[in-house]
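What follows is calculated from the coordinates using simple rules that are stated; it is not laboratory data. Because the structure is a prediction, the values reported are computed rather than measured. Quick reminder, even Gly has a Cβ in these numbers, built from the backbone with ideal geometry, and neighbours come from all protein chains shown.
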Amino acid sequence: MRTSLIAGNWKMNGSLQSVNELIEGIRAADAVGAELVVCPPAVFLFKVGGMLDGSAVGLGAQNVCNHEAGAYTGEVSAAMLREAGCRYAIVGHSERRSLYGETDQLVAERFAMAVSGGIRPILCLGETLEQREQGVTEQVVAAQLDAVVDHCGIEAFAEAVIAYEPVWAIGTGKVATPEQAQAVHACIRALLEGRDAQVAAGIRILYGGSMNPGNAAELLAQADIDGGLIGGASLKAPDFLAIAQAVD
Ligand code: PEP
């Protein structure tokens, strides 16, 4: 039985004031049937970690360095994330891949460093609109996944999470249909099954891409959709919580 996970990717949004309001709104929620995680900008991690003390809501980072320590200006290590209270880190988000040139190899190295540092990676995979229209979605997602499995080994996925995020659905208001999303999720699980059946059965595969309170229930009802990675809608506590409630 997989516990659903609803993770909020705040991206580069917020201020001290809005972070306070958002966390207070999320903390005020009644228990929901899903695990909740928020991923604030790195500069707010310690603050949000403190505010979440004693709460069931977990903390995640938006990235993690592929090195342990040293001359890597602008990067944050897994050990630092642990000290800030992080349980999770997003790796391979499509914005990192497309805007900052993160390759499959770099994503795999970041994933490895998260795992060895005791942080659960949330590995993002997804195709562009052009790739979907060319009919190569499954090949693209398989290549992104294989790069990490080949580098880290399938055992590194025991505590990991995968997020299927079609690039054309991120921040665009265009959402994959439940059938489109389920097909790719089932494909990802089948690919993992080819490596290790136990890992495939236990891993949570989240959908991400314009998920909101209006479309969440149908997506989350799919057999292989185990939660959501939420961008825009995670910046409003009522919307984020409404998505979490849609798990039930
Ligand atoms: C994301 O950035 O991971 C995401 C899913 O964004 P949005 O929900 O805004 O499409």
Q | Qualifying positions in the stretch 165-178 - more than 17 Å from the chain's Cα centre (by Cα) and in contact (Cβ under 8 Å) with a residue 24 or more places away in the chain | A | T172, G173, K174, P178
Q: Considering only the stretch 81-137, state which residues are out of contact with any helix residue (DSSP H, G or I) (no Cβ under 6 Å at 6 or more places or on another chain), free of Cβ contacts under 8 Å to residues at least 24 places away in the same chain, farther than 26 Å from A186 by Cβ and assigned to a loop (DSSP other than H, G, I, E, B).
A: Y100, G101, T103
Q: Tell me which of these G60 doesn't satisfy, since it passes every other one: (1) of a type outside the set (A, V, I, L, M, F, W, C); (2) part of a loop (DSSP other than H, G, I, E, B); (3) out of contact with any Gly (no Cβ under 8 Å at 6 or more places or on another chain).
A: (2)
Q. Hey, among R87, R82, which residue is of a type in the set (D, E, K, R), surrounded by fewer than 22 Cβ atoms within 10 Å (Cβ to Cβ) and under 16 Å from the mean Cα position of the chain (by Cα)?
A. R87
Q: Name the one entry in A56, A31, A61, A71 that is touching a Leu at 6+ places or on another chain (Cβ under 8 Å) and surrounded by fewer than 13 Cβ atoms within 10 Å (Cβ to Cβ).
A: A56
Q.
I need the full set of residues from the stretch 1-17 which are in contact (Cβ under 8 Å) with a residue 24 or more places away in the chain, surrounded by fewer than 13 Cβ atoms within 10 Å (Cβ to Cβ) and over 28 Å from Q198 (Cβ atoms), in order please.
A. M12, L16
